[in-house]
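**Student:** The structure is given below, and queries will be raised subsequently.
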Amino acid sequence: MSKPIPHTSTHATAVSRRQVAAGVTLLAAAGAAYAFTPRTVLRTLGTAKLDTLVPHAFGGWRFEANSGLVLPPADQLRDRIYSELLTRVYRHTDGSVMMLLIAYAGTQDGSIQVHRPEVCYPASGFRLTDIEDHDVKLAPGVDVPSRYIVAETELRSEKMIYWTRLGHLFPRKWSAQRLAVMEENLKGIIPDGVLVRISTLGQGDGRPGLDRFASAMFGAVGAQMKSVLVGPA
């Protein structure tokens, strides 16, 4: 009685098909990983310095001092986050005072985040009595999503507007920052980041004066600093 002949060719064909399918899957995964790997590093500041790009005088405003601003704690985390930090106090010819902070980070990968006033002001003993979404009109057609905050102590009432830019996006909330980084990464971009904060002291609604200062500053800086503030065109 003869033995049955094994169907080796059929078995080999099935194995071969499984191997091809697995190979195609691996190739597809590798292709997707390559496609979504960020390859463009966005650094609008380049090798320039904020101190040289922001004028000391513009629109009736003149630089007065570097001190007097509320800052995040001077710890190692802040040193890791910021590659450039500009702090200035400006006085107008009418006597009004504005405080400007610009913090620039050359790379935002989602593991470290730019400090926001909602964090650093309470850490400095302030109560936040008002937080509202606010759009700052820097120029015709240039409206930046920002926030308006009132921070108070027993001796000081500070009104401020601020915005954060991560790549091409302007996340208003802390929770949206990581999503902004991920969205830029999906476009193949490793984004830079900047936090711009403008504040003043006193009573009443500070938004009109803060907006005017922001617009005057934006109009006074050159093309590169405009890119730092609102991203590349």
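**Student:** Could you tell me which of the residues L201, L229 is within 19 Å of S83 (Cβ to Cβ) and either assigned by TED's automatic domain parsing to the domain that holds G59 or in contact (Cβ under 8 Å) with a residue 40 or more places away in the chain (or both)?
**Tutor:** Exactly one of L201, L229 is within 19 Å of S83 (Cβ to Cβ) and either assigned by TED's automatic domain parsing to the domain that holds G59 or in contact (Cβ under 8 Å) with a residue 40 or more places away in the chain (or both), namely L229.
**Student:** Here's another thing I want to ask about it. Can you name every one of the strands (runs of 3 or more DSSP E) wholly within the stretch 138-233 that holds 3 or more residues which are within 26 Å of F126 (Cβ to Cβ), out of contact with any Leu (no Cβ under 7 Å at 6 or more places or on another chain) and of a type outside the set (A, V, I, L, M, F, W, C)?
**Tutor:** 142-152
**Student:** Next question. For residues that are crowded, with 16+ Cβ neighbours inside 10 Å and out of contact with any Pro (no Cβ under 9 Å at 6 or more places or on another chain), tally how many sit in the stretch 159-182.
**Tutor:** 2
**Student:** Quick check on A151: is it over 13 Å from the mean Cα position of the chain (by Cα) and over 23 Å from L53 (Cβ atoms)?
**Tutor:** yes
**Student:** Would you check if there is a residue in the stretch 94-109 being modelled with pLDDT of 90 or more, assigned to a loop (DSSP other than H, G, I, E, B), assigned by TED's automatic domain parsing to the domain that holds K187 and exposed (fewer than 10 other Cβ atoms within 10 Å of the Cβ)?
**Tutor:** Within the stretch 94-109, one or more residues are modelled with pLDDT of 90 or more, assigned to a loop (DSSP other than H, G, I, E, B), assigned by TED's automatic domain parsing to the domain that holds K187 and exposed (fewer than 10 other Cβ atoms within 10 Å of the Cβ).
**Student:** Restricting the search to the stretch 164-198, which residues are closer than 14 Å to A105 by Cβ, of a type outside the set (A, V, I, L, M) and without any contact (Cβ under 8 Å) to a residue 60 or more places away in the chain?
**Tutor:** Scanning the stretch 164-198 gives T164, P171.
**Student:** Scan I198, I190 and give me the residue that is at pLDDT below 90, buried (at least 17 other Cβ atoms within 10 Å of the Cβ) and of a type in the set (V, I, T).
**Tutor:** I190
The values are calculated or read from the model by the stated rules, or taken from the named source; none is laboratory data. Fair warning: this is a prediction, and the values are worked out from it, not measured in the lab. Note that each Cβ is placed from the backbone with ideal geometry, even for glycine, and that neighbours are counted across all protein chains shown.
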